[in-house]
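Everything below concerns the one structure shown next.
Read the figures in this text as sums done on the coordinates, not as results from a lab. On a predicted model such as this, the values are computed, not experimentally measured, just so you know. In this analysis, Cβ positions are derived from the backbone assuming ideal geometry, glycine residues included, and neighbour counts consider all displayed protein chains.
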Amino acid sequence: MGLPMAQRLLGAGFSLTAYNRTAAKLEPLQTAGAAIAPDPLTVLQNSDCTILMLTNAAAIHETVLPDGTRSVLPGKTLIQMGTIAPQESREIHAMVTASGGSYLEAPVLGSIPEARDGKLLVMVGGTPDQYTQWLPVLQCFGESPRLIGGVGQAAAVKLALNQLIGSLTAAFSTSLGFLLKENVAIEPFMEILRQSALYAPTFDKKLQKMLDQNFENPNFPTKHLYKDIHLFNQAAQLLNLDVEVVQAVEAILERSLAQGLADKDYSSLFATILNQGAADQ
């Protein structure tokens, strides 16, 4: 996700300094005119605003917030765009502001094609002034970034949406697997589904992958959906919500990882559901 987003910034005329823990991934940006930093401290020193698109909160702390970098945070802004838990985002906000910096979250819904085309759905958690100040940057990623509320609230919306990705995919996979095992033609089922209030476009988006059981070239790998569902369950339990259904989805994803599907498209959980009976025998 970080590469096409950085390319959007360059295309809009922004001066860009980039860092990645895997240096080889920066070659397309260097060719396009970005400065390449040898470490995160250099990025922070050379940038008014640093955009983070990292795997999880632990990676953010390790990469951007060790003791050696906090001295350069005064007057700097961090925009956190990955998927982390609301409380994790609030904790990072507290650390950054205590060091004299500014922090807002802007997680996105969408994947690599949407990032490439500037059509991500951007959710912002911060103050209205921060939103206004950084709107021209955020509009590089999506036309209409939406201010949700304070820090933590956009992170909550993002986790709620990703919970739906997992639960909808698991539910559709179960219905699809049931019909296949009953030797029922799939297209009549899909025709009825498309005409009903039950339909979600993601069903057609993933249908052929499931029927072919071809989960290569993922826009969103199984391991990342598992991480997000796990985060949702942790956060929801703290709020005393009943998460039994989502825990079942997490268990399916965990089995998918154990079956070697971590780096496949998340729709591969269909294969785990379809083959569960055989696995139990």
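Across all directions, the average flat footprint of the convex hull enclosing the Cα atoms of the chain is 16.5 nm².
All other residues whose Cβ lies under 15 angstrom from that of K209 are scored, Lys and Arg at +1 and Asp and Glu at -1, for a net of -2. Helix 2-11 and the longest principal axis of the C-alpha atoms of the chain enclose an angle of approximately 50°. Starting from the Cα gyration tensor of the range 156-280, take the square roots of the eigenvalues, sort them a ≥ b ≥ c, and report rounded, prolate or oblate (rounded when a/c is under 1.5, otherwise prolate if a/b is larger than b/c, else oblate). Taking the square roots of the gyration eigenvalues as a ≥ b ≥ c, the range 156-280 is prolate. Eigen-decomposition of the gyration tensor built on the alpha-carbon atoms of the range 2-150 gives equivalent ellipsoid semi-axes of 21, 20, 14 angstrom, largest listed first. In this rough spin-label picture, where each label sits 7 Å from Cα along the Cβ direction, the N240-A24 distance is 5.2 nm.
Net charge around T272, counting only other residues with Cβ within less than 10 Å of its Cβ (Lys, Arg = +1; Asp, Glu = -1)?
0
Ordered from longest to shortest, the equivalent ellipsoid semi-axes for the range 132-186 are 39, 14, 6 Å, each the square root of 5 times a Cα gyration tensor eigenvalue. For the range 36-52 versus the range 117-140, the inter-centroid distance based on Cα atoms is 20 Å. For the range 2-150, the relative contact order works out to 19 percent when only alpha carbon pairs closer than 8 Å and six or more residues apart are counted. If you take all other residues with their beta carbon under 14 Å from the beta carbon of L41, and give Lys and Arg +1 and Asp and Glu -1, the sum is 0.
Each Cα pair under 8 Å and six or more residues apart adds its separation to the average, and for the chain the resulting relative contact order is 14 percent.
In the range 156-280, Cα pairs under 8 Å separated by at least six residues give a relative contact order of 38 percent. Only one residue of A197, M53, L261 has its Cα farthest out toward the positive end of the dipole of the chain, where Lys and Arg carry +1 and Asp and Glu -1 on Cβ, and that residue is M53. For A18, the residues 5 or more places off, or on other chains, whose built amide H falls under 5 Å of its own are A35, I36, A37.
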